[in-house]
Structures are given as C-alpha cells and as structure tokens.
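Asker: Pasting a structure below so you can have a look.
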C-alpha cells in the first residue's frame with residue numbers, strides 16, 4: 001500500500017471537515033477500501049476513520065413507518081436484528097448471503113452500498129484499458145472476459161456489474177439514504193438516485209458530492225415487506241458474488257398482486273429496480289405465466305457481450321423462481 | 001503513530017505507519033507468527049483473529065485503528081495447559097493437512113460457535129465458508145466444529161468471545 005495520512009474523526013463535523021479540507025476518503029470497515037489500495041486501484045492521500053461515529057450513526061430503529069439503519073451498523077448486526085428478521089426478511093436474506101462472516105462483521109452498511117465492481121480489468125492495474133479506473137482509456141471487458149459482467153444499464157464505455165446484494169433490497173423497497181454534507185446540512189434522497197449509470201462517465205459512480213457522508217438508510221414500511229425474499233445464484237454455494245440474483249417483495253390480495261417490488265443483482269451496472277417487471281405483475285394473479293411475463297419485461301433491455309450471453313436467461317429464471325417462492329411464503333399477519 | 005495493542009490480554013506498545021495492517025503488526029512487529037498471511041486480499045480467511053470476540057480479517061484492519069482486545073491463536077491456551085476445546089477437536093478430527101489455514105480456521109470456528117451458527121453440518125459449512133483450505137480438509141473441519149461446540153458451551157474458554 002502507498003503511504004497515506006490517517007485522521008481520526010470523533011464528531012460528524014470533524015469527519016466532513018477532514019474529508020473536504022484534506023480531500024480525505026472515509027474509512028469504515030475498510031473491506032473495499034484497503035483491498036483496492038493494496039491493488040493500487042485507488043491511492044487516497046488521506047483516510048478519515050469514522051468508526052468512532054458509531055454512537056451517532058450505528059443504530060437500528062424500527063417503528064410503524066419503517067426501519068432506519070445507521071450507516072455504521074455492521075452487516076452482521078443488521079442480519080441478526082429481530083425487526084429485520086421478522087418484518088424485512090429480504091434484507092436479512094441479502095446480508096447473510098453476502099461475503100463471509102468475517103467480512104460481514106467488519107463491513108458497514110454505508111460502505112457496503114458503495115462497494116466497487118469486481119470487474120477484473122478494473123481491479124488489475126496492469127490492464128491499461130478501463131474507463132472506470134482511467135477515464136478515456138477504453139474498456140477491455142467489451143470483447144474481453146465478461147462472463148460475470150452486467151447486461152442491464154451498461155454503455156459502450158463500461159459493462160462493469162455492481163456486485164453487492166443489500167443495495168438491491170434497498171432500491172427495490174424504495175428506501176431513502178440520509179446524507180450529511182460538509183456544511184453540516186442533512187438531506188435525504190431516494191436510494192435509487194444514489195448510484196449513476198455508467199453512460200460516458202463510468203468513473204462517476206454516485207451522486208454524492210465531495211465530503212458528503214452517508215448517515216442512514218430509511219426503509220419505508222409497506223404491506224409487501226414481510227412477503228419478501230432474496231434469491232442468489234452463484235458459481236459457489238457460499239461466499240461468492242451473484243451471477244444473478246432477485247429481490248422480490250409482494251403484496252397479494254386473494255392471490256392477485258396488489259403491489260410488487262422487484263430488484264435485480266449481479267446483472268446490472270448499479271443496484272437495479274425492475275420497474276417494468278413490477279408493472280407487468282400488478283393486478284394479475286401470480287402464477288408461473290405471470291412470473292415469466294414479468295421476467296421477460298425485466299430483461300427486455302439486456303445487452304450482452306459474448307461471455308455473458310447466458311445472463312438474461314439465468315436472470316429471468318432466477319426472478320421467476322423468486323416470485324413463485326415469495327408467493328408461496330407463509331407470512332405472519 | 002504510537003499505538004497500544006492489547007493482544008491476548010497483554011498490552012503491546014509500538015510505533016507504526018498508518019498503512020501497517022494488523023496482520024503485519026502481529027507477525028513482523030510483535031513476533032506473533034501464529035496468524036497467517038494467505039492471500040492478503042480478504043479472500044482466504046487465514047489471517048482471521050478476534051477483536052472483542054468478533055472474528056475479523058487482520059489483513060483488512062489498519063493497526064492504528066484498533067481499539068478492542070485482540071485474540072490470536074497464541075492466546076487460546078495457557079503455556080503447558082490444556083488446549084482450547086476447538087484446538088483439541090481439530091487434532092482429534094484430523095482437521096488439517098499442511099496446517100497453514102488452521103489458526104484462522106480455529107479462531108473463525110470459535111466465533112462461529114459463539115454466534116450460534118454451529119447447529120448442524122450445513123450451518124457450519126455456510127458460516128465457515130470464509131476460511132479456505134487448500135488441502136480440502138473441509139469434512140474434518142466441519143466435524144471438529146461440531147465436536148467442540150457443546151464442549152465450549154460447558155467450559156468458559158480463555159477468549160473474550162464470551163462477551164459477544
């Protein structure tokens with residue numbers, strides 16, 4: 001790792017001050033940051049350790065309106081939380097199937113949603129071409145080894161896939177993200193607006209402004225949260241990234257879909273909400289034909305590049321299975 | 001930076017650059033070489049240690065940021081005393097070949113039991129998946145964890161994992 005300065009922030013104001021005045025990068029669990037620093041993919045001059053802010057940003061609070069997850073809650077803590085297990089099973093599902101127990105003990109929720117792509121050409125600096133790492137250099141993955149890469153939301157400049165799980169649940173459930181800026185002001189934005197599509201600027205992955213700190217995630221309550229699950233398909237049974245995954249949350253009334261919330265993982269450039277699939281299901285009885293119709297809609301815009309030609313079909317089957325399993329869930333009243 | 005690391009109940013004073021990870025501090029600065037460097041990229045689990053009883057990857061922790069109590073493989077059993085039930089189970093179940101991943105396996109397994117994830121072979125496989133074994137001693141590792149789990153419930157081990 002290249003040398004860097006380390007600042008310890010003991011208040012939110014100190015954290016955002018360090019981040020803006022020293023162009024510092026926030027350090028929470030470090031599982032993404034130190035990984036990419038060891039690989040020389042990123043070379044921050046200053047790290048700002050925000051772990052001491054857990055008193056402010058480390059709580060989980062549930063009420064009738066929804067659940068708020070502090071950005072410094074660790075993945076393993078959220079996975080164990082009784083309100084999440086009971087009322088938001090999809091969040092627990094997405095968490096326990098991610099990474100390993102050690103990484104889930106370390107990784108913060110705020111850092112987790114900012115996880116960087118696992119595209120080999122991004123992570124290996126010996127490849128000169130990567131528009132995300134070196135803007136304007138090209139994309140070695142288009143025409144290269146792209147088996148694990150994205151088919152939705154991609155551009156001619158980047159086909160990197162967003163690798164996380166938890167964020168797909170947040171986007172599907174219509175969560176908001178709480179942000180604190182350097183001047184101390186706070187704002188909440190739809191989680192769906194946090195990440196940017198690659199377009200012709202794949203190096204810009206989020207709409208965060210410099211120094212802005214993620215403080216919390218607010219997941220609204222809804223009649224669909226208890227009938228929710230996450231299905232993840234991967235090369236290994238455990239401890240692997242998704243080749244395809246699906247978030248499904250359903251509100252059924254007499255077998256008819258009153259509302260559906262659908263997210264997709266492993267197949268898209270960003271955490272992905274499948275609005276077309278939700279619309280295709282609403283008002284219909286949830287049977288296999290309806291699930292397949294919705295899955296077709298979800299992947300109608302897929303663009304493949306050879307190695308990942310299998311992904312739309314795998315993604316559709318994953319979503320169909322998730323929809324039918326969610327419909328069959330036994331749900332507490 | 002001048003820091004104090006509490007390792008296996010003893011304070012260690014050292015001066016480190018910010019970029020020194022806990023794994024390197026343990027091995028190269030303090031001489032506790034029981035913790036192993038496998039991939040150094042958070043993928044293999046060989047460097048697993050406990051901080052305040054929680055299993056973490058010491059290759060991804062900056063030494064200067066550690067505030068909790070660290071437990072390494074050297075801290076599990078007193079010199080000349082009986083082994084920790086998990087260590088004994090690994091021996092009795094022949095849960096290793098080369099042994100390089102074993103310190104990380106054992107610390108991860110102790111945490112796995114304390115987290116309540118040692119209820120079945122299937123659960124152990126899932127919650128031990130972060131520790132790779134190139135010799136593929138996995139069936140015996142699973143048996144070792146299942147053997148030690150009830151013994152750990154009966155005996156308070158010398159780790160701080162009980163506080164989890």
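Asker: How do A:132, A:311 rank when sorted from fewest to most other Cβ atoms within 10 Å of their own Cβ? Please list the in-between numbers first.
Answerer: Details: A:132 23, A:311 27.
If I rank by nearby Cβ atoms, fewest first, I get A:132, A:311.
Asker: How many percent of all Cα-Cα pairs in the range B:101-152 sit more than 17 Å apart? Walk me through the numbers before you get to the answer.
Answerer: Values: 261 of 1326 pairs.
Tail fraction, whole percent: 20.
Asker: Rounded to the nearest 500, what is the 222 nm mean residue ellipticity of chain B from helices alone, with -39500 (n - 2.57) per DSSP H run of 4+ residues and division by all residues?
Answerer: On the way: 4 runs with 45 residues, N = 164.
The helix contribution divided over chain B gives -8500 deg cm²/dmol.
Asker: May I pose another question? Tell me, what does the Kirkwood hydrodynamic radius of the protein assembly as shown come to in angstroms if you use every pair of distinct C-alpha atoms?
Answerer: That comes to 23.6 Å for the protein assembly as shown.
Asker: Counting other beta carbons within 10 Å of each Cβ, put A:161, B:120 in order, fewest first. Kindly include the intermediate steps, with their values, before the conclusion.
Answerer: On the way: A:161 29, B:120 11.
The fewest-first ordering by Cβ neighbours comes to B:120, A:161.
Asker: Something else: Summarise the long-distance tail of P(r) for the range A:1-148 by giving the % of C-alpha pairs beyond 23 Å. Could you put the intermediate results ahead of the total?
Answerer: Values: 5187 of 10878 pairs.
So the pairs more than 23 Å apart make up 48 percent of the total in the range A:1-148.
Asker: Just the Cα atoms of the range A:87-152, one point each, no solvent: what log10 I(q)/I(0) does Debye give at q = 0.25, 0.26 Å⁻¹?
Answerer: -1.06, -1.10
Asker: Here is a follow-up. Helix B:138-154 versus the longest principal axis of chain B: what angle, 0 to 90°, nearest 10, using Cα atoms?
Answerer: So the inclination is approximately 80 degrees.
Asker: Can you tell me which of B:108, B:15, B:129 moves the most in a GNM of chain B? Springs connect C-alpha atoms under 10 Å apart.
Answerer: B:15
Asker: How far is the Cα center of the range A:263-331 from the Cα center of the range B:61-140, in Å?
Answerer: Spelled out, the Cα-based centre of one part sits 39 Å from the other.
Asker: Further question on the same structure: Based on the Cα atoms of chain B, what semi-axes does the equivalent ellipsoid have, where each is the square root of 5 times one gyration tensor eigenvalue, given in whole Å with the largest first?
Answerer: Working: eigenvalues 132, 58, 37 Å².
Over the Cα atoms of chain B, the semi-axes work out to 26, 17, 14 Å.
Asker: Compute the projected area of the convex hull of the Cα atoms of the range A:5-52, averaged over all viewing directions, and report it in nm² to one decimal place. Provide the component values of the computation, followed by the final result.
Answerer: Working: hull surface 11.9 nm².
Here the figure is 3.0 nm², rounded to one decimal.
Asker: Calculate how steeply helix B:102-114 sits against the longest principal axis of the alpha-carbon atoms of chain B, using the helix alpha-carbon long axis, and give the answer as 0 to 90 degrees to the nearest 10.
Answerer: Rounded to the nearest ten degrees, it is 70.
Asker: Continuing with this model, one more query. Alpha carbon centre of the range A:78-124 versus the range A:35-63: separation in Å?
Answerer: Result: 14 Å between the Cα centres.
Asker: Using alpha-carbon pairs under 8 Å, 6+ residues apart, how would you state the relative contact order of chain A in percent?
Answerer: Details: 775 pairs, mean separation 55.6, N = 333.
Averaging sequence separation for qualifying contacts and normalising by length gives 17 percent for chain A.
Asker: For every helix of n ≥ 4 consecutive DSSP H residues, a contribution of -39,500 (n - 2.57) applies; sum these over chain A, divide by its total residues, and give [θ] at 222 nm rounded to the nearest 500 deg cm²/dmol.
Answerer: On the way: 13 runs with 98 residues, N = 333.
Theoretical 222 nm ellipticity from helices: -7500 deg cm²/dmol.
FYI, it's all coordinate maths here, none of it is from the lab. Please read all numbers here as calculations on a predicted model, not as lab measurements. Positions of Cβ are backbone-derived with ideal geometry, glycine not excepted, and every protein chain shown enters the neighbour counts.
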